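Below is one structure, written out as structure tokens; the observations come after it.
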Amino acid sequence: MEKIISPRGTKDILPSESSLWQFIEAKAIETFSLAGFEEIRTPIFEHTQLFSRAVGESSDIVNKEMYTFTDRSDRSITLRPEGTAGVARAFIEHSLDRGSRPQKLWYRGPMFRYERPQTGRYRQFYQIGMEAIGLEAPFIDLEVIKLAYNFLQELGIENLTLAINSIGSAASREAYRQQLLAFLSEYQDDVCDDCKRRMQQNPLRVLDCKVPEDQALYKNAPLIQDSFDEESKQIFMQMKTGLEALGISYTIDSSLVRGLDYYSHCVFEFKTDDKGLGQQSTVLAGGRYDNLISELGGVSSPAVGWALGMERIAYLLEAKKFPETKRVYIISDSAIEASKLAHQLRFDAKVLVEYDFEEAKVAKQMNKALKRNASHGIFYLEDERKSGSYLVKDFQAKAEFNLTSYTELLSFFAGDSV
Ligand code: ATP
Ligand code: MG
């Protein structure tokens, strides 16, 4: 029979990798909770219109990357390509604007984009992201960037650079659009097809082009900062001095405009210098989106947020060694007795405990223990049970301990001595 394999661009996260994924999520929960951010879980599919309005008709995502289908009641449904639109929809639908401002939210989960799969780029991929919705204060931009920075540091990811830019207010973007169009008109036949489309729909987006020849052309394009009004200049300045005061180093990348339609003012990306990710070197990206909520019909609620790609983070962490946790394997001639001890020890000492279900010979159980990467074995055979003792073997240190009571066993595994 023909083998069924996973669809192109999807990836199984097998047990050998999932502990790393859990580690990333646990750090997210810890870092964000301590800053008062709360988790929001929105549906994986939404009405297509949400994304065409929120992400924008001119974006690559809406143009060519969405998984859109008609459901059995003829509704156009799309698997979410990103998290912000759904969070914004939920914010409006549940009147979260009536709560404290800003609402500090974070999310995690799968996103779907029809892209050419390569290392760090999949069709189903996972993001962790955060959004602070309801206030314009630039200190919130700094807070979310600092939390991103702390989170990446907590994970132990090194060699990252923060690139920032400002795309200014809507008014200064309009002034810039005219200048950019004048510049681009000379090159309209030389650029890639995507850029031809971008010139028609949203010229700013050409600066985000990944084609090296096009990028070389745009190096001479007018700079957006030169079109800034006073307010835009001031906001950008506050961001730069704030980052310096927080001790976060950054570079300014004037071509950073981000791929979604809803941004204004501050935009930023954390990039790795790890060559293995190739074009996929951006691990985390975000910015301010002051108009999204009102454009979706909500009460004006300025906002800022970011999202990171978990596969890219996992890729950077894979090479690292994680501290080994204790794994205990009970070797016993009675599965029932082993089960009783295992459950008790898991509960009392909060330690990972496994045992053999087949009541195999002792030597075979030893092999099984090693296959499970056990750090310790507890020999719990008839003799030990009669005398109420436990023979513990530390497989790594190759040491043996004869523990004469359950209390001793407990302090052995629960205590700091192991
Ligand atoms: P790129 O320029 O790499 O296509 P993007 O600008 O489309 O990224 P965002 O929409 O800002 O990406 O998403 C935030 C983060 O999510 C990215 O920085 C990246 O780490 C991750 N990401 C985006 N698309 C994918 C994908 N197809 N597969 C894996 N991770 C992705
Ligand atoms: Mg993309």
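The values are calculated or read from the model by the stated rules, or taken from the named source; none is laboratory data. Model, not experiment: these values are computed from the prediction. Cβ coordinates were reconstructed from backbone atoms using ideal geometry, including for glycine residues, and neighbour counts include every protein chain displayed. Calculation scope for accessible area: heavy atoms of the full protein, side chains included, ligands and nucleic acids excluded. Shrake-Rupley method; radii C 1.70, N 1.55, O 1.52, S 1.80 Å.
Return a yes/no flag: does the stretch 290-301 have any residue that is open to solvent by 20 Å² or more (accessible area, probe 1.4 Å), part of a helix (DSSP H, G or I), hydroxyl-bearing (S, T, Y) and not assigned by TED's automatic domain parsing to the domain that holds R372.
Within the stretch 290-301, one or more residues are open to solvent by 20 Å² or more (accessible area, probe 1.4 Å), part of a helix (DSSP H, G or I), hydroxyl-bearing (S, T, Y) and not assigned by TED's automatic domain parsing to the domain that holds R372.
Filter the stretch 53-102 down to the residues that are among the hydroxyl-bearing types (S, T, Y) and more than 17 Å from Y263 (Cβ to Cβ), then identify the one that is farthest from ligand 1 (Cβ to nearest atom).
Let us first name the residues in the stretch 53-102 that are among the hydroxyl-bearing types (S, T, Y), namely 58-59, 67-68, 70, 73, 76, 78, 84, 95, 100.
If we keep only those that are more than 17 Å from Y263 (Cβ to Cβ) too, we end up with 67-68, 70, 73, 76, 78, 95, 100.
Details: Y67: 12, T68: 16, T70: 24, S73: 29, S76: 21, T78: 15, S95: 27, S100: 27 Å.
Only one residue fits best here, namely S73.
Among A163, A170, which is the only one that is under 26 Å from D60 (Cβ atoms), surrounded by fewer than 16 Cβ atoms within 10 Å (Cβ to Cβ) and out of contact with any Gly (no Cβ under 6 Å at 6 or more places or on another chain)?
Details: A163 fails: surrounded by fewer than 16 Cβ atoms within 10 Å (Cβ to Cβ).
It is A170.
For T78, all conditions in the list (1) within 29 Å of P302 (Cα to Cα); (2) out of contact with any strand residue (DSSP E or B) (no Cβ under 6 Å at 6 or more places or on another chain); (3) of a type outside the set (A, V, I, L, M, F, W, C) hold save one; what is the number of the exception?
Condition not satisfied by T78: (2).
With a cut-off of at least 3 residues that are in contact with a Phe, Trp or Tyr (Cβ under 9 Å, 6 or more places away or on another chain) and without any contact (Cβ under 8 Å) to a residue 60 or more places away in the chain, name the helices (runs of 4 or more DSSP H) lying wholly within the stretch 328-390. Write out each step before concluding.
Working: elements: 335-349, 362-371, 382-387.
Helices (runs of 4 or more DSSP H) meeting the threshold: 335-349, 362-371.
Being in a loop (DSSP other than H, G, I, E, B) and within 23 Å of L317 (Cα to Cα) is the filter; apply it to the stretch 105-128 and report the residue that is least open to solvent (accessible area, probe 1.4 Å). Give the derivation first.
Applying the first criterion (in a loop (DSSP other than H, G, I, E, B)) to the stretch 105-128 yields 113-117, 119-120, 122-123.
Still in the running and within 23 Å of L317 (Cα to Cα): 117, 119-120, 122-123.
On the way: P117: 31, T119: 65, G120: 10, Y122: 46, R123: 26 Å².
My answer is G120.
Taking the criterion of being part of a strand (DSSP E or B), open to solvent by 30 Å² or more (accessible area, probe 1.4 Å) and either hydrophobic (A, V, I, L, M, F, W, C) or within 12 Å of ligand 1 (Cβ to nearest atom) (or both), would at least one residue in the stretch 129-146 satisfy it? Let's see the steps before the verdict.
Of all residues in the stretch 129-146, those part of a strand (DSSP E or B) come to 129-133.
The next check asks that each one be open to solvent by 30 Å² or more (accessible area, probe 1.4 Å); those that pass are none.
Scanning the stretch 129-146, I find no residue that is part of a strand (DSSP E or B), open to solvent by 30 Å² or more (accessible area, probe 1.4 Å) and either hydrophobic (A, V, I, L, M, F, W, C) or within 12 Å of ligand 1 (Cβ to nearest atom) (or both), so the answer is no.
Here's a check for you: in the stretch 103-115, which residue that is touching a Gly at 6+ places or on another chain (Cβ under 8 Å) and charged (D, E, K, R) is nearest to ligand 1 (Cβ to nearest atom)?
Per the stated criteria, the residue is E115.
Applying the selection to the stretch 302-343, what residues are open to solvent by 80 Å² or more (accessible area, probe 1.4 Å) and farther than 22 Å from F395 by Cβ?
First, pick out the residues of the stretch 302-343 that are open to solvent by 80 Å² or more (accessible area, probe 1.4 Å): 318-319, 321, 323-325, 336, 340, 343.
If the condition is that a residue be open to solvent by 80 Å² or more (accessible area, probe 1.4 Å) and farther than 22 Å from F395 by Cβ, then E318, A319, I336, K340, H343 are the ones that fit.
Each row is one residue, and each column tells you yes or no for (1) modelled with pLDDT under 95; (2) part of a helix (DSSP H, G or I); (3) open to solvent by 90 Å² or more (accessible area, probe 1.4 Å).
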site	(1), (2), (3)
E25	no, yes, no
F32	no, yes, no
R41	no, no, yes
E57	yes, no, yes
I61	yes, yes, no
S73	no, no, no
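Only one of S16, S52 is open to solvent by 70 Å² or more (accessible area, probe 1.4 Å) and of a type in the set (S, T, Y). Can you tell me which? Before you say what the answer is, go through the steps one by one.
Numbers: S52 fails: open to solvent by 70 Å² or more (accessible area, probe 1.4 Å).
The match here is S16.
Which one is least open to solvent (accessible area, probe 1.4 Å), of the residues in the stretch 260-274 that are under 28 Å from N220 (Cβ atoms) and among the charged types (D, E, K, R)?
This residue is E269.
Got at least one residue in the stretch 89-104 being open to solvent by less than 20 Å² (accessible area, probe 1.4 Å) and not hydrophobic (A, V, I, L, M, F, W, C)?
Applying the first criterion (open to solvent by less than 20 Å² (accessible area, probe 1.4 Å)) to the stretch 89-104 yields 90-91.
From what is left, the residues that are not hydrophobic (A, V, I, L, M, F, W, C) are none.
Checked the stretch 89-104: no residue is open to solvent by less than 20 Å² (accessible area, probe 1.4 Å) and not hydrophobic (A, V, I, L, M, F, W, C).
Across the stretch 64-75, what is the number of residues that are more than 24 Å from the chain's Cα centre (by Cα) and either under 24 Å from Y289 (Cβ atoms) or among the charged types (D, E, K, R) (or both)? Give the derivation first.
Kept after step one, since they are more than 24 Å from the chain's Cα centre (by Cα), are these residues of the stretch 64-75: 69-75.
From what's left, either under 24 Å from Y289 (Cβ atoms) or among the charged types (D, E, K, R) (or both): 71-72, 74-75.
So the count comes out to 4.
Can you tell me which of V257, V283 is within 16 Å of ligand 2 (Cβ to nearest atom), open to solvent by less than 20 Å² (accessible area, probe 1.4 Å), modelled with pLDDT of 95 or more and β-branched (V, I, T)?
Working: V257 fails: modelled with pLDDT of 95 or more.
Answer to the check: V283.
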